[in-house]
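*Asks:* Sharing a structure, written as structure tokens. Questions coming.
The values are calculated or read from the model by the stated rules, or taken from the named source; none is laboratory data. Predicted model only: the values in this text are computed from it and were never measured. Cβ placement follows ideal geometry from the backbone for every residue including glycine, while neighbour counts extend to all protein chains displayed.
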Amino acid sequence: MGWIEVRTYELTPGGGEPLTRLFQGEVAPLLARWGHDVVHAGVSPHDPDSFILVRRYESEADRRTRQDAFYGSEDWRGGPRTAMLALIRSYTSGVMPMSDETLAAWRRELAGEAG
């Protein structure tokens with residue numbers, strides 16, 4: 001069993017494409033180096049100015065610890081933070097437990113693979 005965080009970003013008008021490039025080129029590799037398991041990230045199918053980031057953690061405490069370390073790091077603060085924040089109007093997060101089996105099925109679905 002793990003914990004899933006679903007973060008949705010409301011972007012500035014036209015922000016979907018530049019945020020996607022920034023995320024893929026800089027943010028995702030940085031999150032991986034800091035031990036974050038990114039399950040999915042991308043523009044929402046319902047709105048080109050909405051971006052979704054889904055991450056998995058071992059526990060709620062693991063989520064808090066990893067995010068505090070990452071968002072307080074010089075890698076983030078001196079890296080893509082300013083450029084990313086310039087594209088975001090607001091964001092919200094939801095956190096929920098999820099079984100490993102459900103998560104594996106979800107990853108396959110997001111990757112477009114048959115279940």
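*Asks:* How many residues are closer than 15 Å to Thr20 by Cα and surrounded by 11 or more Cβ atoms within 10 Å (Cβ to Cβ) when one looks only at region 79-115?
*Replies:* So the answer is 7.
*Asks:* Could you check, for region 2-21, whether at least one of its residues is modelled with pLDDT under 95, closer than 20 Å to Met96 by Cβ and either of a type in the set (Val, Ile, Thr) or in a helix (DSSP H, G or I) (or both)?
*Replies:* no
*Asks:* Collect the residues in region 63-105 that are more than 20 Å from Gly35 (Cα to Cα), at pLDDT 95 or above and assigned to a helix (DSSP H, G or I), keeping them in residue-number order.
*Replies:* Correct list: Thr82, Ala83, Leu85.
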